[in-house]
Amino acid sequence: MNSTTKNLIYCALFAALTAVFSQIAIPIEPVPVNLALFSVFVAGGLLGAAKGSISQAVYILLGAVGAPVFSNLHGGFQVLIGPTGGYIAGYVVAALAAGIVAERFGRKTVPVIIGCVIGLAACYTMGTVWYCFQSATPFGAALSLCVLPFLPGDTIKIAAAALIVPRLYKAVYKA
């Protein structure tokens with residue numbers, strides 16, 4: 001199999017994984033708790049900046065055209081302009097950040113953690129700014145509602161990605 005075909009398969013796989021992990025959720029309002037960011041972090045760390053971010057762009061495009069890939073089997077452009085839209089758009093930037101750090105410093109535990117933390121900060125920033133704009137909520141209130149409750153779970157997702165990415169990278173690319 002040529003490398004272009006493999007890259008397409010990997011991007012499609014991570015778009016699909018993000019869709020599946022978006023469904024493993026605790027449906028709280030206004031932003032559900034789900035495992036999507038775990039898939040985003042692994043995509044960026046494993047595939048690198050370009051392919052990781054492309055995989056997430058594909059996920060978003062699928063949802064934008066109506067495929068039920070977003071949390072709670074939602075789809076459509078209205079989700080992207082709703083309160084969670086900035087966080088979903090942030091998946092591309094989070095995968096990009098995780099991928100840049102992984103490519104530059106290697107797929108080892110510490111660089112993966114650093115890349116994921118940078119990606120998470122970017123995703124939170126995009127999402128919270130959009131949430132404030134969309135809902136007319138003050139920034140501090142939005143942080144309390146949309147960021148602080150998610151930090152413990154996202155810490156676990158980052159730790160899991162940091163354990164998995166080095167092993168997957170060896171298995172997929174070094175085998």
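How many residues does the stretch 152-175 hold that are open to solvent by 70 Å² or more (accessible area, probe 1.4 Å) and under 20 Å from the mean Cα position of the chain (by Cα)?
5
Show the residue pairs that are 6+ apart or on different chains and have beta-carbon atoms under 8 Å apart, the first residue being within the stretch 30-50 and within 17 Å of LEU168 (Cβ to Cβ), the second being outside any helix (DSSP H, G or I) and modelled with pLDDT under 95.
LEU35/ILE24; LEU35/ALA25
Among (1) free of Cβ contacts under 8 Å to residues at least 60 places away in the same chain; (2) over 13 Å from the mean Cα position of the chain (by Cα), there is one condition SER135 misses while meeting the rest; what is its number?
Here SER135 clears every test but (1).
Would you mind telling me which numbered condition in (1) more than 16 Å from ALA36 (Cβ to Cβ); (2) open to solvent by less than 80 Å² (accessible area, probe 1.4 Å); (3) among the β-branched types (Val, Ile, Thr); (4) in contact (Cβ under 8 Å) with a residue 24 or more places away in the chain VAL129 fails?
(2)
Has the stretch 67-77 got any residue that is exposed (fewer than 15 other Cβ atoms within 10 Å of the Cβ) and among the aromatic types (Phe, Trp, Tyr)?
Yes: the stretch 67-77 contains one or more residues that are exposed (fewer than 15 other Cβ atoms within 10 Å of the Cβ) and among the aromatic types (Phe, Trp, Tyr).
Six or more apart or on different chains, Cβ atoms under 7 Å: show the pairs whose first residue is in the stretch 157-175 and among the aromatic types (Phe, Trp, Tyr) and at pLDDT 95 or above and whose second is assigned to a helix (DSSP H, G or I) and surrounded by 19 or more Cβ atoms within 10 Å (Cβ to Cβ).
Between residues of the stretch 157-175 that are among the aromatic types (Phe, Trp, Tyr) and at pLDDT 95 or above and residues that are assigned to a helix (DSSP H, G or I) and surrounded by 19 or more Cβ atoms within 10 Å (Cβ to Cβ), the close pairs are TYR169/LEU46.
Of the conditions (1) of a type in the set (Lys, Arg); (2) within 23 Å of LEU8 (Cβ to Cβ); (3) open to solvent by 50 Å² or more (accessible area, probe 1.4 Å), LYS108 fails just one. Which one is it?
Among (1) of a type in the set (Lys, Arg); (2) within 23 Å of LEU8 (Cβ to Cβ); (3) open to solvent by 50 Å² or more (accessible area, probe 1.4 Å), LYS108 violates only (2).
Out of VAL58, VAL92, VAL79, I need the residue that is more than 14 Å from the chain's Cα centre (by Cα), of a type in the set (A, V, I, L, M, F, W, C) and assigned to a helix (DSSP H, G or I). Which one?
Criteria check complete, one pass: VAL79.
The values are calculated or read from the model by the stated rules, or taken from the named source; none is laboratory data. Here the structure is a predicted model, which means the values were calculated and not measured. All Cβ positions, even for glycine, are placed from backbone atoms using ideal geometry, and neighbour counts span all protein chains on display. All accessible areas refer to the heavy atoms of the entire protein, side chains included, with ligands and DNA or RNA removed. Shrake-Rupley method; radii C 1.70, N 1.55, O 1.52, S 1.80 Å.
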